[in-house]
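Take a look at the structure set out below.
The values are calculated or read from the model by the stated rules, or taken from the named source; none is laboratory data. Every value quoted in this text rests on a predicted model; they were computed, and no experiment measured them. Don't worry about glycine lacking a Cβ; one is built from the backbone with ideal geometry, like all the others, and counts go over all protein chains shown. Keep in mind that these areas ignore ligands, DNA and RNA; they rest on the heavy atoms of the full protein, side chains included. Shrake-Rupley method; radii C 1.70, N 1.55, O 1.52, S 1.80 Å.
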Amino acid sequence: MARLTLVSMLFLWAGSMLMVQGGDPTLFFEWNVTYGTIAPLGVPVKGILINGQFPGPNINSTTNNNIVVNVFNNLDEPFLVTWNGVQHRKNSWQDGVLGTNCPIPPGKNYTYKFQVKDQIGSYIYYPVTAMHKAVGGFGGLRVNSRLLIPVPYADPADDYTLLVGDFFNKGHTSLKKILDSGRNLGRCDGVHLNGKVAKGDRKDEPLFTMEAGKTYKYRICNTGIKTSLNVRFQGHTMKLVEMEGSHTMQNDYDSLDVHVGQCFSVLVTANQEPRDYYVVASTRFTRREVTATGIIRYKNGKGAASSELPPPPVGWAWSLNQFRTFRWNLTSNAARPNPQGSYKYGSINITRTIKLANTAQKVDGKLRYALNGVSYVEPTTPLKLAEYYGVADKVFKYDTIPDEPQSDNTKVTLAPIVLNMTHRNFVEIIFENHESAIQSYHLSGYSFFAVGMDVGKWSPEKRMNYNLLDAVSRHTIQVFPNSWSAILLTFDNCGMWNLRSEIWDRHYLGQQLYASVISPNRSLKDEYNLPEGVLTCGIVQGMPRPPPFSS
């Protein structure tokens, strides 16, 4: 956290937020997490609220801001929230996943302290405990560019966050019981847009308003638990400008497939007759298509939205082809003045290739999801704490899965999965999906280059078709049925980082792992020390704190 001088300090209260300006500004938030009744589909459900809100409050920050969030858990069970897409440079202690952090016990609080260092873009936060994400506790997290770093488009008239997601009316405890009993969740009951669904009775309040002739920025994120969604604006096109922290080539789209955990920023110009229009979200790759709408209202407009909705695309090949149109804007600045494309990732030699194949298998009669034959189980001691306290051998073993899936994927074992990654190695990860269900993966602590995606099985000659020039740098990637996706990245951020399925029933039942990146120098230049006030649990609780890194 930057040191602030008395002269440069300026305090501005805004509800539960306190902003300190000078050096790198600090934003303070106080969050009370409670149960409350929500009804996004019209059926009352026990939801999770943050400061009484569903979805939770939007965090509006700027590159290099320090963020302090004091979370009070007023639930009757442990709770933990992660900051999806925030890289936490040298600071996996703040990632908020169960491999790095103890959950916040009922009636207790924990204060997250992190910096959105050298990042811009649209992100989300959400709970990682149990099935809490299914009923709330999530919200938008935007990182704006600093004024001295221009973005490659004119300032919009306003900046809106649109959180779309599937929803189950059963409630999170019932969903957890279904999974614990070894069954599948089945299909969702519906879809919401910012926790709401328009009824179409001309009494709906608008989600957003626009003024004719002006252009607006919409940050569209899929905060659901298992369903890909297609999003489109009735009568309007979308100009894609940013994706998960990277400026993109500005192509126009009638609709966008947004897979679970992904965020896109688009520009929409109010160039139609002033009246109401629908923003539409439809389920994709499901046997039964479910569609929900929200109202976009022109100021001083007259007339209800047309009941004729723009149709969704058909088939996943359409979505695969759309992925191939996404390109990094090589001439745009990133969070720093240098152009995004100045990092020539295509000329770096690959030092390790890891191929991960997902499977769904029964273990002792219960459904489990696995990667390369191992289904992840959560130890009572967070992996990072065990590693830091020198007791890792009592909690997990490194490299329990091979870098290649075995030919016999019918046998599944249960264990924590931790890959021992060499600091600064340039690594290729291939996700191979042999199932008929779409996958979506997220890697915390990093952005990676999504260089390839195709049908069938991956083989080394597929590298000939990689995009080694302008693949988008992002943190979430989908894998279509019976297909593969490939990413490239340098493991230069020390810490314990979660590679997880964003399909939350798969995550809960074992489709995840961790990558441990340790500095050979044990230096503060590479990784921060264990924070003061960190929660401890498991076998490290009560143990003396290890000596800190000194330099």
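The table below lists the values:
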item: Residue in segment 516-551 that is surrounded by the most Cβ atoms within 10 Å (Cβ to Cβ), counting only those that are polar (S, T, N, Q) and in contact with a Ser or Thr (Cβ under 7 Å, 6 or more places away or on another chain); result: Ser523
item: Boolean, Asn493 is more than 22 Å from the chain's Cα centre (by Cα) and either surrounded by 16 or more Cβ atoms within 10 Å (Cβ to Cβ) or without any contact (Cβ under 8 Å) to a residue 12 or more places away in the chain (or both); result: no
item: Whichever residue in segment 253-301 is part of a loop (DSSP other than H, G, I, E, B) and charged (D, E, K, R) and, among such residues, is most open to solvent (accessible area, probe 1.4 Å); result: Arg287
item: Residue list for segment 358-374, filter: in contact with a Ser or Thr (Cβ under 7 Å, 6 or more places away or on another chain) and among the small types (Gly, Ala, Ser); result: Ala370, Gly373
item: Unmet criterion (only one of (1) outside any loop (DSSP other than H, G, I, E, B); (2) open to solvent by 20 Å² or more (accessible area, probe 1.4 Å)) for Gln322; result: (2)
item: Breaking point among (1) farther than 18 Å from Ile354 by Cα; (2) within 14 Å of the chain's Cα centre (by Cα), for Ile477; result: (1)
item: Unmet criterion (only one of (1) under 27 Å from Phe138 (Cα atoms); (2) in contact with a Ser or Thr (Cβ under 7 Å, 6 or more places away or on another chain); (3) open to solvent by less than 30 Å² (accessible area, probe 1.4 Å)) for Ser447; result: (3)
item: Any chance Val377 is open to solvent by 10 Å² or more (accessible area, probe 1.4 Å), at negative phi and at pLDDT 95 or above; result: yes
item: Test result for Gln512, open to solvent by 20 Å² or more (accessible area, probe 1.4 Å) and at pLDDT 95 or above; result: no
item: Test: Pro127 is under 25 Å from Tyr514 (Cβ atoms) and in contact (Cβ under 8 Å) with a residue 40 or more places away in the chain; result: yes
item: Subset of segment 174-220 (residues that are of a type in the set (Val, Ile, Thr) and free of Cβ contacts under 8 Å to residues at least 12 places away in the same chain); result: Ile178
item: Residue in segment 507-519 that is in a helix (DSSP H, G or I), in the same structural domain as Asp399 (by the TED database) and at negative phi present; result: yes
item: Where a residue in segment 90-112 is over 22 Å from Phe549 (Cα atoms) and of a type in the set (Val, Ile, Thr) and its partner, wherever it lies, is modelled with pLDDT under 95 and surrounded by 22 or more Cβ atoms within 10 Å (Cβ to Cβ), with Cβ under 9 Å and at least six apart; result: none
item: Which numbered condition Ala335 misses (of (1) loosely packed, with under 14 Cβ neighbours inside 10 Å; (2) under 27 Å from Val128 (Cβ atoms); (3) modelled with pLDDT under 95); result: (1)
item: Phe233 vs. criteria touching a helix residue (DSSP H, G or I) at 6+ places or on another chain (Cβ under 9 Å), at pLDDT 95 or above and in the same structural domain as Trp318 (by the TED database); result: no
